[in-house]
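Colleague: Structure below; questions to follow.
Where a number appears in this text, it was derived from the coordinates with a stated rule and is not lab data. As the structure is a computational prediction, the values presented were derived from the model and not from experiment. A quick note on method: Cβ atoms are made from the backbone with ideal geometry, for glycine too, and the neighbour counts reach across all protein chains shown.
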Amino acid sequence: MQFAVLQFPASNCDQDCVHAVRVAGHSASLVWHKETTLGGADAVIVPGGFSYGDYLRCGAIARFSPVMQAVKAFAEAGGLVLGICNGFQILCEAGLLPGALIRNRDLQFHCEQVFLRTANPATPFTSRIPAGRILRIPIAHGEGCYFADDATLSRLQARGQVLWQYADARGEVTEAANPNGSLLNIAGIANEAFNVAGLMPHPDRASEDVLGSTDGRWIFESMVAALEDRRRAVA
């Protein structure tokens with residue numbers, strides 16, 4: 001499978017994502033923010049970093065990059081799109097995902113390992129995560145607190161759009177396990193069609209044993225499995 005990894009000015013996890021996809025045995029290439037096409041990619045990753053220096057508001061400028069029009073068209077056609085950290089912020093700013101990411105509740109930047117509970121295992125981003133597996137994946141953000149109004153939160157819960165929640169090592173969703181104050185301990189969500197997802201933790205930084213965890217690979221493998229299922233369905 002071919003992944004397109006977007007590259008904005010001040011992106012700092014684009015190469016990480018390319019490496020993680022290749023370690024998982026698939027192809028990935030960088031797509032500069034001024035491009036207007038995605039080069040025939042099977043899936044898109046919007047990586048972490050500080051796009052445009054995070055000026056104005058995280059992701060607020062990147063959403064206007066020419067490549068984002070191609071991403072929107074790709075998503076509207078059913079293509080798989082994953083936003084990681086700043087990529088999650090960009091997808092929310094672009095209206096591809098509901099809600100917003102705001103300052104961490106303690107106003108501090110958090111760079112640490114966290115545990116994630118998979119709230120919905122039956123999606124293109126979670127289907128290959130072993131049942132009951134608590135993921136250990138790092139975070140690195142200052143504006144990772146997921147916020148939405150009550151109506152949006154109710155819809156996300158009712159439709160199974162909450163994909164991952166911050167939890168403790170046993171999988172218990174607790175206030176103490178929430179590193180940034182996200183409502184409902186939300187670490188990642190999907191859109192209504194389940195082809196666009198975003199999460200604040202970095203699966204790209206949990207793709208090899210040398211990094212302390214390979215749990216992030218389950219997310220990329222889930223995307224690949226979904227793409228393979230689609231190919232078989234139209235064959």
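Colleague: If you filter the range 1-90 for trypsin sites (Lys or Arg not before Pro), then keep DSSP loop positions with at most 16 other Cβ within 10 Å, what is left?
Modeller: Sparse-neighbourhood loop trypsin sites (Lys or Arg not before Pro): 34, 57.
Colleague: Now for a different question. Using θ = phi - 60° and the Karplus form 6.51 cos²θ - 1.76 cosθ + 1.60, what ³J(HN,Hα) does each residue of the range 172-183 get, whole Hz, x for Gly and Pro?
Modeller: Karplus values, whole Hz, x for Gly and Pro: 7, 7, 10, 5, 5, 7, 8, x, 9, x, 3, 4.
Colleague: Please give the contour-minus-distance gain from residue 234 to residue 151: 0.36 nm per residue of separation, less the Cα-Cα distance, rounded to one decimal in nm.
Modeller: Stretched fully, the residue 234-residue 151 segment lengthens by 26.2 nm.
Colleague: Nearest 5 percent is fine: what portion of the DSSP beta bridges confined to the range 2-234 is antiparallel?
Modeller: Taking every DSSP beta bridge within the range 2-234, about 55 percent pair in antiparallel fashion.
Colleague: If amide H atoms are built 1.01 Å from N in the plane of the peptide, which residues on other chains or at least 5 residues away come under 5 Å of the amide H of residue 28?
Modeller: 3
Colleague: In whole Hz, with x marking every Gly and Pro, tabulate ³J(HN,Hα) for the range 145-159 from phi via Karplus 6.51 cos²θ - 1.76 cosθ + 1.60, θ = phi - 60°.
Modeller: So the J values, rounded to whole Hz, are 7, 6, 9, 7, 6, 4, 5, 5, 4, 5, 5, 4, 5, 5, 9.
Colleague: Which of 124, 201, 66 moves most in a GNM of the chain, Cα contacts under 10 Å?
Modeller: Maximum among the listed residues: 66.
Colleague: If you don't mind, there's one more thing I want to ask. If you take the charge dipole of the chain about its Cα centre, with +1 on Lys and Arg Cβ and -1 on Asp and Glu Cβ, which of 74, 154, 164 is farthest toward its positive end?
Modeller: So the residue furthest toward the plus end is 74.
Colleague: Return the calculated 222 nm mean residue ellipticity for the chain, to the nearest 500 deg cm²/dmol, obtained by summing -39500 (n - 2.57) across DSSP H runs with n ≥ 4 and dividing by the residue count.
Modeller: After summing the helix terms and dividing by residue count, I get -7500 deg cm²/dmol.
Colleague: With contacts defined as alpha carbon pairs under 8 Å and 6 or more residues apart, what's the relative contact order of the range 1-147 in percent?
Modeller: Contact order relative to length: 20 percent.
Colleague: For the range 112-127, in order, what is each residue's ³J(HN,Hα) by Karplus, 6.51 cos²θ - 1.76 cosθ + 1.60 with θ = phi - 60°, in whole Hz (x at glycine and Pro)?
Modeller: Taking θ as phi minus 60°, the curve returns 6, 7, 10, 10, 10, 9, 7, 7, 9, x, 9, 9, x, 10, 9, 5 Hz for the range 112-127.
Colleague: Calculate, in nm to one decimal, what residue 209 and residue 73 gain on full extension: separation in residues at 0.36 nm each, minus their alpha carbon distance.
Modeller: 45.3 nm
Colleague: Given H placed 1.01 Å from N in the peptide plane, which residues other than close sequence neighbours of residue 187 have an amide H under 5 Å from its amide H?
Modeller: Amide H neighbours of residue 187: 164, 165, 166.
Colleague: Work out how much length residue 32 to residue 173 would gain on full extension: take 0.36 nm times their residue separation and subtract the Cα-Cα distance, in nm to one decimal.
Modeller: Taking residue 32 through residue 173 to full extension adds about 47.0 nm, to one decimal.
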